[in-house]
Amino acid sequence: MQDSSLLTPLEMEFIQQLTENAPAVAEPDPVLQVDAARQTAELLASCAAKEQLTIEAHIDNQRLTFTPHLVTDAQNTPHLELGIPQIFEEGSFHRAWRLQLDPPQPLLRRDGQPSSLAVHELSLSGLLVAQTAKASPPERFSLGLDIEDVEPVILQGSLVRITDDGLLAYELTLDEDSSERLQAHLYQQHRRLYPHAHSL
């Protein structure tokens, strides 16, 4: 009786080799798709429009708090844009991050000349200064600080206390422009001092 097989054993072996070397067709993973992009964007936009949205980053016992703002581009498409962060020190109590100035930097009078107050530490809410003249510390001042900008930022301070090491602690009152410029300056200095915290 004759063998009725259509393929010879050699042909069968060849076909078997082809199928063994062929890449397996991967079955698609089951994916749960939720169309939440539009809803999330609307929620974020609504919160940002009402100034209820912040984004925080915690780095080296410091907290950077960004406030996103809702802006529209040239095509009238709204999107979120991060503002300059406020920086806080974390610990037993939270306080605004202080930039230490070494050497201390004099506050400037309106004529641009140095006053008798030199800044040792600076934050968005206050500063520590030393008085170089032998006189009673001023209860209040309105002086400029050179922040390597077009013009000095105007700081208005009220004396809070005298520290144990003789420095004067002042609480700052800033107008909107001065606050924005000082916040931007502090952020630039923070980036310089902590480059690892700002690298991508």
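Ranking G126, V160, L186 by how far each Cα lies toward the positive end of the dipole of the range 102-200 (charges on Cβ) leaves V160 at the top.
Solvent-accessible area assigned to carbon and sulfur over the range 41-200 amounts to 49 percent, based on a 1.4 Å probe. Excluding ligands, DNA and RNA, the accessible surface per residue across the range 87-181 is 60 Å² with a 1.4 Å probe. Looking at the range 119-153, the GluC sites (Glu not before Pro) that sit in a DSSP loop and have at most 13 other Cβ atoms within 10 Å of their own Cβ are E139, E148.
Among the trypsin sites (Lys or Arg not before Pro) in the range 126-191, those placed in a DSSP loop whose Cβ has at most 10 other Cβ atoms within 10 Å are K134.
The values are calculated or read from the model by the stated rules, or taken from the named source; none is laboratory data. What you see is a predicted model; the values in this text were computed from it and never measured. When we count neighbours, we look across all protein chains shown, and the Cβ atoms used for this are built from the backbone with ideal geometry, even at glycine. Surface areas here come from the heavy atoms of the whole protein model, side chains and all, with no ligands, DNA or RNA. Shrake-Rupley method; radii C 1.70, N 1.55, O 1.52, S 1.80 Å.
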